[in-house]
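Have a look at the structure below, then the notes.
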Amino acid sequence: MTIILYIVIGLVLLILILAIIAPKTYDVSRNIAISRPISEVFDYVRSLKKQDEWGPWAKKDPNMTKEFKGTDGEVGAISSWKGNKEVGEGEQEITGIKENEIVETQLRFFKPWKSESNAYIRVNDEGNGSTRVTWGFSGKNKFPMSIMMLFMSMDKMIGKDFEQGLSDLKSILEK
């Protein structure tokens, strides 16, 4: 009985230590230069509906169901989706817009697990009709997910999707 008690205490201590050292936040972003003027790029990326044309998730589940509320490209617009296991279920709401600078959104995931993240698409004029687009998101790792992040990398999980999406965005806008 004493051995079992020591094992239980050891496991509790291990979990506490892991919880203390686990990353509490994440921030993933990628960027790309697009040979188009900033106003043209910004007008395109502010649209939630157009994200399906370049975002990687629509390709992962072409049968995903989508619903839109509000005025697309304006604060308060919401895009919701229900898809396969790869894309899950959730919604994205535009929470802030600074013209020709940034579109801020909140991502609310319902499946495969509940979480919230703040996302953004930032544009910067690089001169000569070129625009740098930075796409990213950040959030908090809640317990017990924070412990899992000791062994997984959000950057490795999502970074390639951002790279693919930005590459597709560049192809569309530079046609």
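The values are calculated or read from the model by the stated rules, or taken from the named source; none is laboratory data. Keep in mind it's a predicted model, so treat the numbers as computed, not measured. Cβ sites come from the backbone with ideal geometry, for glycine too, and all protein chains shown count toward neighbours. SASA here: full protein model, heavy atoms, side chains in, ligands and nucleic acids out. Shrake-Rupley method; radii C 1.70, N 1.55, O 1.52, S 1.80 Å.
Number of residues in region 88-109 that are within 17 Å of the chain's Cα centre (by Cα) and over 16 Å from residue 137 (Cα atoms) equals 2.
Checked against the criterion of being open to solvent by 30 Å² or more (accessible area, probe 1.4 Å), within 20 Å of residue 29 (Cα to Cα) and either among the acidic types (Asp, Glu) or touching a helix residue (DSSP H, G or I) at 6+ places or on another chain (Cβ under 7 Å) (or both), the candidates 174, 116 yield just one match: 116.
When the residues of region 25-46 are filtered to those that are under 17 Å from residue 106 (Cβ atoms) and outside any strand (DSSP E or B), the one that is least open to solvent (accessible area, probe 1.4 Å) is 45.
Filtering region 54-92 to residues that are of a type in the set (Gly, Ala, Ser) and assigned to a helix (DSSP H, G or I) leaves only 58. Of the residues screened, residue 162 is one that is open to solvent by less than 20 Å² (accessible area, probe 1.4 Å) and under 16 Å from the mean Cα position of the chain (by Cα). If you go through region 47-78 and keep only what is farther than 19 Å from residue 133 by Cβ, among the small types (Gly, Ala, Ser) and surrounded by 12 or more Cβ atoms within 10 Å (Cβ to Cβ), you end up with 70, 77.
One line per residue, one yes/no per condition, for (1) among the β-branched types (Val, Ile, Thr); (2) farther than 24 Å from residue 156 by Cα:
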site	(1), (2)
17	yes, yes
27	no, no
47	no, yes
88	no, no
92	no, no
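State yes or no: is residue 67 under 14 Å from the mean Cα position of the chain (by Cα) and modelled with pLDDT of 95 or more? Judged against the criteria, residue 67 is not a match.
When restricted to residues that are β-branched (Val, Ile, Thr) and either open to solvent by 80 Å² or more (accessible area, probe 1.4 Å) or under 16 Å from residue 50 (Cα atoms) (or both), region 79-96 contains 1.
Within region 122-141, track down each residue that is open to solvent by 10 Å² or more (accessible area, probe 1.4 Å) and either under 12 Å from residue 103 (Cα atoms) or among the polar types (S, T, N, Q) (or both).
Going residue by residue through region 122-141, those that are open to solvent by 10 Å² or more (accessible area, probe 1.4 Å) are 122, 124-130, 132, 134-135, 137-141.
122, 124, 128, 130, 134, 135, 137, 138, 141 - these are the residues of region 122-141 that are open to solvent by 10 Å² or more (accessible area, probe 1.4 Å) and either under 12 Å from residue 103 (Cα atoms) or among the polar types (S, T, N, Q) (or both).
Does region 1-12 contain at least one residue that is touching a helix residue (DSSP H, G or I) at 6+ places or on another chain (Cβ under 6 Å) and not in a strand (DSSP E or B)? Scanning region 1-12 turns up no residue that is touching a helix residue (DSSP H, G or I) at 6+ places or on another chain (Cβ under 6 Å) and not in a strand (DSSP E or B).
For residue 52, are the conditions met, namely being closer than 22 Å to residue 158 by Cα, out of contact with any Gly (no Cβ under 9 Å at 6 or more places or on another chain) and modelled with pLDDT under 95? The answer is yes for residue 52.
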